[in-house]
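See below for the structure under consideration.
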Amino acid sequence: MKSLPELLSEQPVFAGLSESDLVFLAGCCGLHHVPHGDVVFREGGPADRAFVVRSGRVVLELHEPGRGSFSVGTVEPGEVLGWSWLHAPYRWRTDALAVGDSSLFAFDAACLRQKLEADPRLGYAVVLRMAELATERLHATRVQLIDLYGPRSGDREDRR
Amino acid sequence: MSGYDALWTPVLHRITRWRRDLDDTVTFGLAPVEGAEALAPPRPGQFHMLWVYGIGEVPISVSGIDRDGTPVVHTVRAVGRVTEALCRLQPGDTVGVRGPFGSAWPEARPGEDLLVVAGGLGLAPLRPVVHAAIEAPERFGSLTVVIGARSPSALLFEEEIRSWSHEGVDVRVTVDYADAGWRGSIGVVTRLLRDAVRDPARTVALVCGPEVMMRASARELTSIGLPGASILLSLERNMECAVGLCGHCQLGAKFVCVDGPVLSWERIEPLLGIREV
Ligand SMILES: Cc1cc2nc3c(=O)[nH]c(=O)nc-3n(C[C@H](O)[C@H](O)[C@H](O)COP(=O)(O)OP(=O)(O)OC[C@H]3O[C@@H](n4cnc5c(N)ncnc54)[C@H](O)[C@@H]3O)c2cc1C
Ligand code: FES
């Protein structure tokens, strides 16, 4: 069976980190299993953990009273789930629910932040990687928004 | 009819089978009318010029070859004059057909993993590749099909895709929008690619869809480690002659109708930034 640092080394977010860095970070990490449909976190709740999806899938939802929940995207294996643990006020901005039985790497956020602050070289490398991934996600969201597979511009119908 | 004539003179074909896939998309089979000479069999990735009498002619990819007794199958989305007319045709109606034209998807080699990446209607030209791969699994390593669609209800060939999964194909679907209850992925296809590639050095990726989606996919596949020569895209440009004479489909020094539509990322990456004039 693979050790936690070995499993972490396979995640794109930690690509390129040394073995000792991974062992250092694994000290804050545990595996968290979430059955299908269970809530991982709720909008407004404390962002006290940082997640990376190991298997399964997590859907992000926004709730509008009277209209129900809107799925805004899924987080797939290897991807970071939520960024709110990284900066104040440490509150989640969406709901997150498991789609299918899912397994997550769950880091204690305070422990992780403290380690990244204590080792600025590692802190910079991880935060830079987070920024890269967040930029990729932002770009992907923009592409999603242009409704590529829909009618050409000037002739758009309601999306739903 | 000589090979030369087949390129210029439409051969009359009759619609043999017809199915509505989506509100704006139909799939039909074509067979030459009685007495007409059959065109050369197309290869997956190639296209025909379909001509509706009195309205016009458009390039349409082959979406099935020699299935259920029909020599060639096309899937058309109604976006304008000619495609709307094609979508209105019914079994028994006739269409003029020229071709087949253009380059084909490369055949997979034993041991090579095949990754098919399709966005929206882009699944149509890739469908014959999936059929061929399912029929001859010994010809390649594994087959993964990653599909992007606007929403679950806009998924092309939905039932057939389900049957591919039962045939052992690793099918992954992602949509741009979904209601609660959808158990698949939501987001762009590029986000599913990293997990879909086992060994970048032994993977060949065939990509078809809107150009923004193809460029993003090719860049992601490159960052995963696939060489540009192993990433094949199918390009769309306005066409008229389809034989490299009129210049309508020119892209840099290439004519998409004869050099393409299937071209490697290695060859076309520098050209894709060029805006149409
Ligand atoms: C090699 C090749 C293979 C193709 N394969 C297929 C296929 O398998 N099935 C299929 O349905 N189409 C396919 N197309 C696209 C098809 O040829 C065009 O949709 C068609 O030429 C449009 O002609 P029209 O007279 O219907 O529309 P036009 O009257 O010319 O255009 C009407 C409107 O449709 C828009 N439009 C034009 N082309 C497209 C397009 N490709 N997608 C969305 N909107 C468009 C125009 O911008 C315009 O706003 C292919 C094109 C190429 C070059
Ligand atoms: S369509 Fe005429 S040159 Fe390509």
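The values are calculated or read from the model by the stated rules, or taken from the named source; none is laboratory data. Computed from a prediction, not measured in an experiment: that's the story for all the values here. Cβ coordinates were reconstructed from backbone atoms using ideal geometry, including for glycine residues, and neighbour counts include every protein chain displayed. For the accessible areas, the whole protein counts, side chains as well, though only heavy atoms, and no ligand, DNA or RNA atoms are used. Shrake-Rupley method; radii C 1.70, N 1.55, O 1.52, S 1.80 Å.
A few notes on this one:
- Residue check, B:ARG162 open to solvent by 10 Å² or more (accessible area, probe 1.4 Å) and away from chain A (no Cβ under 14 Å): yes
- Check on B:ARG194, within 14 Å of chain A (Cβ to nearest Cβ), farther than 19 Å from B:LEU22 by Cβ and surrounded by fewer than 19 Cβ atoms within 10 Å (Cβ to Cβ): yes
- In region B:149-159, residue farthest from the other protein chains (Cβ to nearest Cβ) [restricted to those that are outside any loop (DSSP other than H, G, I, E, B) and surrounded by 17 or more Cβ atoms within 10 Å (Cβ to Cβ)]: B:PRO152
- All positions within region A:101-118 that are under 18 Å from A:MET130 (Cα atoms) and assigned to a strand (DSSP E or B): A:LEU104, A:PHE105, A:ALA106, A:PHE107, A:ASP108
- Strands (runs of 3 or more DSSP E) contained in region A:1-100 and holding at least 1 residues within 11 Å of chain B (Cβ to nearest Cβ) and crowded, with 19+ Cβ neighbours inside 10 Å: A:49-64, A:68-75
- Subset of region B:227-258 [among the small types (Gly, Ala, Ser) and either within 12 Å of ligand 1 (Cβ to nearest atom) or in contact with a strand residue (DSSP E or B) (Cβ under 9 Å, 6 or more places away or on another chain) (or both)]: B:GLY228, B:ALA229, B:SER230, B:SER234, B:ALA242, B:GLY244, B:GLY247
- Cross-chain or 6+ apart pairs with Cβ under 9 Å, region B:241-253 first and β-branched (Val, Ile, Thr), then near ligand 2 (Cβ under 6 Å from one of its atoms): B:VAL243/B:PHE255; B:VAL243/B:CYS257
- In region A:23-39, the residues that are closer than 21 Å to A:GLU10 by Cα never reach a residue that is modelled with pLDDT of 95 or more and part of a loop (DSSP other than H, G, I, E, B) with C-beta atoms less than 6 angstrom apart, at least six apart or across chains.
- Verdict on B:VAL72 being open to solvent by less than 20 Å² (accessible area, probe 1.4 Å), more than 16 Å from ligand 2 (Cβ to nearest atom) and over 19 Å from the mean Cα position of the chain (by Cα): no
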